[in-house]
Amino acid sequence: MKLVFAGTPEVAVPALDALIASGRHEVAAVVTRPDAPAGRGRRLVASPVAERAEEAGIEVLKPAKPRDEAFLARLREIAPDCCPVVAYGALLPRVALDVPVHGWVNLHFSLLPAWRGAAPVQHAIMAGDEITGASTFLIEEGLDSGPVYGTVTEEVRPTDTSGDLLTRLAFAGSGLLTATMDGIEDGTLKALPQPADGVSLAPKITVEDAHVDFGAPALRVDRVVRGCTPAPGAWTVFRGERLKLIQTVPAPDRTDLAPGALAVGKNSVHVGTGSHAVELLWVQAQGKKPMRAADWARGVRIATGETVGAQ
């Protein structure tokens with residue numbers, strides 16, 4: 001089939017690579033979000049998908065909105081058979097959805113109908129899911145509600161951050177998306193409606209969502225830290241400034257600390273929670289680089305009785 005691929009961040013690149021490498025389909029163009037300011041200089045930078053497409057010599061379309069007439073006219077000129085999508089980042093209007101013969105097929109990083117929305121991987125980790133996966137489905141105007149072509153499952157490991165899990169799903173999902181394109185082309189694959197039961201929503205994780213509540217049980221604290229790593233980044237407050245929590249681990253043997261209370265050992269830093277303690281492994285103080293928590297604690301000289309959290 002002739003394809004127009006839509007995607008923006010790094011997590012979409014493996015799927016684009018897989019489609020290019022398949023040899024069976026032609027990626028005629030790529031649709032991605034416009035260049036965005038990045039870095040200290042805030043200079044405009046192309047998306048990872050745009051950079052990869054340019055390397056491969058593929059036409060790149062960067063509409064400000066997917067309903068822009070110039071973009072729609074070019075899409076009609078290309079006349080794609082299907083438009084595979086991975087984390088494009090903009091809502092597609094009906095006028096765009098109607099252009100390809102086989103529609104727009106999205107690779108979504110959950111087992112639909114679970115975790116419909118912008119942050120399925122983060123929510124799966126924060127909810128304590130043991131199994132998640134990826135789904136390919138035909139995009140409708142509803143939120144991730146279209147019929148499903150196929151799925152692939154993935155175990156959520158006890159130490160997974162959302163970054164770890166998303167990386168694995170990006171590669172597993174790239175094979176699923178390519179197989180879905182093959183099945184659509186040869187007519188062997190039919191999309192099935194999602195069940196009405198089991199729907200859950202995964203809205204974008206805000207900075208406030210990533211504020212760690214040490215009054216919650218240790219298991220919840222650990223899930224929030226892992227689910228919000230690398231973005232938007234879990235955090236707490238220490239001496240009136242934000243302290244980013246990069247890596248923690250439950251410490252069930254330590255039950256003597258009140259929620260938020262700090263205990264500093266020779267090479268360890270523990271914090272009390274609503275159940276047992278968690279150990280801080282890596283943190284990042286405001287304006288500083290990431291560092292081991294023990295090194296941070298030595299540098300700030302934590303006094304007996306000091307706490308993190310609400311102050």
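The values are calculated or read from the model by the stated rules, or taken from the named source; none is laboratory data. Quick caveat: nothing in here was measured; it's all calculated off a predicted structure. Cβ sites come from the backbone with ideal geometry, for glycine too, and all protein chains shown count toward neighbours. These accessible areas exclude ligands, DNA and RNA; they are computed on the full protein's heavy atoms, side chains included. Shrake-Rupley method; radii C 1.70, N 1.55, O 1.52, S 1.80 Å.
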TODO: Answer yes or no as to whether I246 is modelled with pLDDT of 95 or more, crowded, with 16+ Cβ neighbours inside 10 Å, aliphatic (A, V, I, L, M) and not in a loop (DSSP other than H, G, I, E, B).
DONE: yes
TODO: Output yes when any residue across segment 276-296 is of a type outside the set (D, E), in a loop (DSSP other than H, G, I, E, B) and more than 28 Å from the chain's Cα centre (by Cα), and no when none is.
DONE: yes
Open item on the list: Here is a check on your reading of the model: is A6 more than 13 Å from A96 (Cβ to Cβ) and outside any loop (DSSP other than H, G, I, E, B)?
Closed with: no
Open item on the list: So, in segment 178-221, exactly how many residues are outside any loop (DSSP other than H, G, I, E, B), open to solvent by 10 Å² or more (accessible area, probe 1.4 Å) and of a type outside the set (A, V, I, L, M)?
Closed with: 6
Task: Meets criteria (among the hydrophobic types (A, V, I, L, M, F, W, C), in contact (Cβ under 8 Å) with a residue 40 or more places away in the chain, within 20 Å of L3 (Cβ to Cβ) and buried (at least 18 other Cβ atoms within 10 Å of the Cβ)) for W115 - done: no
Task: Single residue of segment 277-287 satisfying the filter (modelled with pLDDT of 95 or more and either acidic (D, E) or open to solvent by 70 Å² or more (accessible area, probe 1.4 Å) (or both)) that is nearest to G233 (Cα to Cα) - done: W282
Task: Failed item, numbered, when V237 is tested on (1) part of a strand (DSSP E or B); (2) in contact with a Leu (Cβ under 6 Å, 6 or more places away or on another chain) - done: (2)
- [ ] Quickly run through segment 150-177 and pick out the residues that are open to solvent by 30 Å² or more (accessible area, probe 1.4 Å) and in contact with a strand residue (DSSP E or B) (Cβ under 7 Å, 6 or more places away or on another chain).
- [x] T151, V152, T153, E154, E155, R168, A172
Task: Top-ranked residue in segment 61-77 [being under 12 Å from A6 (Cα atoms) and either among the basic types (K, R) or assigned to a strand (DSSP E or B) (or both); ranked as least open to solvent (accessible area, probe 1.4 Å)] - done: L61
Open item on the list: Let me spell it out: the conditions are (1) under 30 Å from the mean Cα position of the chain (by Cα); (2) surrounded by fewer than 19 Cβ atoms within 10 Å (Cβ to Cβ); (3) not in a strand (DSSP E or B), and R226 meets all of them except one. Which number is the exception?
Closed with: (2)
Task: The one condition in (1) farther than 30 Å from H102 by Cβ; (2) touching a residue at least 40 places away in the same chain (Cβ under 8 Å) that P203 fails to fulfil - done: (1)
Task: Hits in segment 229-241 - residues which are within 14 Å of H123 (Cβ to Cβ) and either of a type in the set (G, A, S) or open to solvent by less than 10 Å² (accessible area, probe 1.4 Å) (or both) - done: A231
